[in-house]
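Worksheet for the structure shown next.
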Amino acid sequence: MAHKKLIRFEEIKHFPNVWSFPQGMAGNWHRYFQNDFPIVLELACGKGEYTLSLVKMYEQLNAIGVDVKGNRIWKGAKAALEQQLTRAAFLRIQIEHLVWYFAPQEISAIWIPFPDPFLKKSKAKKRLTHPRFLWQYQQILKPNGKIHLKTDSPELFDYTLEMIDQIGGRLHVRVDDVPEDASGELGIQTYYERLHRAEGKKIYYLAFSLPEDWKALEPWRQEGLAALEKHLQHLAGIHDPKSISNVE
Ligand SMILES: C[S@@+](CC[C@H](N)C(=O)[O-])C[C@H]1O[C@@H](n2cnc3c(N)ncnc32)[C@H](O)[C@@H]1O
C-alpha cells in the first residue's frame, strides 16, 4: 500500500467520527449524534460530498457516509473534523452487510451517488440497486423513505428503473439530464460527478421508494441473511478486531 494511504489508514483509526466495522451500533446512531434528527445515508460515499453538504444544508439532519475504502473516507472525515460538522459521520463497512449496522427504520433516506455500474451481466449482483441490496434498504428505511440514485451510466439507470418496476416500488422523480446548475440536494456534486461532467457525460437521477411488504424481496432477504451469518462468523473468528480494519 502506498505510504500516504498507510498514514491515512492509521489516522482514521483515531478519528472520532469514523466507525470501522463497529459492533453494536444498530439502533444507537441517535445516541451517538446526541439528537433525534433524521439520519440520511450516503452509500458508496467515496470522499463524502453528500454527507458533508447535507449537514451544512440542513441544521436538523445527521448524515453517515458509507464506504469500504478507508483511504477515501479519510478525506470526508478529515474535512468534517476540521469544519466541526458533528452531525456527519463515516462508516467503513461493506454495503452487503448494511442491516447488521442499522436497526429497522433507523434511516430516513438514502443517497447513492455514482456507484460502480458493474456493467457485465455476471457482476449484476454487485450493483447497489440490485434486489440483493434493496431488501436491506427496505429494512433500515422508514416507510416510504426515499432512495436517491445519481449516475452517469444509462445502463444502471435503465436497470434500476426495471428493478423498481419488478419489485413494485414507486418512482417519485426521474431526471434524464441533470443540469450543471441544478439547485438544492440535486446540485451537490461529487468527485465522480465532476469527472463525468468534464468528459461531457449526461447525469441521470432517480428518486424512488420501496414497497412495504416483503414478498418481492423475500428470496434476496433469505440469501442476504445467510451471507450475513457467514460475515458474523468471520468477525467472531478474528481475535484482534482491529485486524479487519487493516484490509483495504
Ligand atoms: C465510483 S466510486 C464513487 C464515489 C463517490 N460516490 C463519488 O461520486 O465520487 C464508488 C465507491 O463505491 C465504493 N463501493 C463499491 N462497492 C461497495 C460495497 N459493496 N461496499 C462499500 N463500498 C463500496 C468504492 O469503494 C468507491 O469508493
Selected residue (criterion: surrounded by the fewest Cβ atoms within 10 Å (Cβ to Cβ)) from residues of region 1-50 that are among the charged types (D, E, K, R) and assigned to a loop (DSSP other than H, G, I, E, B): D36
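Here's the yes/no breakdown for (1) among the aliphatic types (A, V, I, L, M); (2) in contact with a His (Cβ under 8 Å, 6 or more places away or on another chain); (3) closer than 20 Å to E223 by Cβ:
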site	(1), (2), (3)
L91	yes, no, no
I95	yes, no, yes
Y101	no, no, yes
R127	no, no, yes
Q138	no, no, yes
V173	yes, no, no
A182	yes, no, no
A198	yes, no, no
Qualifying positions in region 51-80 - modelled with pLDDT under 95 and crowded, with 22+ Cβ neighbours inside 10 Å: G70
Members of region 1-37 found to be under 21 Å from A109 (Cα atoms) and polar (S, T, N, Q), listed by number: N17, N28, Q34, N35
Which listed residue is surrounded by fewer than 19 Cβ atoms within 10 Å (Cβ to Cβ) and touching a residue at least 24 places away in the same chain (Cβ under 8 Å), from E229, E162, E223: E223
Selection within region 38-78 - more than 10 Å from the ligand (Cβ to nearest atom), closer than 18 Å to E106 by Cα, without any contact (Cβ under 8 Å) to a residue 40 or more places away in the chain and among the aliphatic types (A, V, I, L, M): V55, L61, A63, I64
Top-ranked residue of region 134-152 - restricted to ones that are surrounded by fewer than 20 Cβ atoms within 10 Å (Cβ to Cβ) and not charged (D, E, K, R), ranked as modelled with the highest pLDDT: G145
Sole exception among (1) out of contact with any helix residue (DSSP H, G or I) (no Cβ under 7 Å at 6 or more places or on another chain); (2) surrounded by 18 or more Cβ atoms within 10 Å (Cβ to Cβ); (3) hydroxyl-bearing (S, T, Y) for T129, by number: (1)
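Here is a yes/no grid of residues against (1) within 13 Å of the ligand (Cβ to nearest atom); (2) in contact with a Lys or Arg (Cβ under 8 Å, 6 or more places away or on another chain); (3) over 30 Å from W100 (Cα atoms):
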{"site": "R132", "(1), (2), (3)": "yes, yes, no"}
{"site": "Q136", "(1), (2), (3)": "yes, no, no"}
{"site": "L141", "(1), (2), (3)": "no, no, no"}
{"site": "L156", "(1), (2), (3)": "yes, yes, no"}
{"site": "Y159", "(1), (2), (3)": "no, yes, no"}
{"site": "I164", "(1), (2), (3)": "no, yes, no"}
{"site": "G168", "(1), (2), (3)": "no, no, no"}
{"site": "D181", "(1), (2), (3)": "no, no, yes"}
{"site": "Q189", "(1), (2), (3)": "yes, yes, no"}
In region 192-219, residue farthest from the ligand (Cβ to nearest atom) [restricted to those that are charged (D, E, K, R), more than 25 Å from P143 (Cα to Cα) and assigned to a helix (DSSP H, G or I)]: R197
Checklist (1) surrounded by fewer than 22 Cβ atoms within 10 Å (Cβ to Cβ); (2) near the ligand (Cβ under 10 Å from one of its atoms); (3) part of a strand (DSSP E or B) applied to L91, failing item: (1)
First in region 79-99 and over 16 Å from F33 (Cβ atoms) and without any contact (Cβ under 8 Å) to a residue 60 or more places away in the chain, second anywhere and near the ligand (Cβ under 8 Å from one of its atoms) and part of a strand (DSSP E or B), Cβ under 7 Å, 6 or more apart: I95/L43; I95/V66
Verdict on G168 being at pLDDT below 95, in contact with an Asp or Glu (Cβ under 9 Å, 6 or more places away or on another chain) and of a type outside the set (D, E, K, R): yes
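The values are calculated or read from the model by the stated rules, or taken from the named source; none is laboratory data. What you see is a predicted model, and the numbers here were worked out from it, not measured in a lab. No Cβ is skipped: glycine too gets one built from the backbone with ideal geometry, and neighbour counts run over all protein chains shown.
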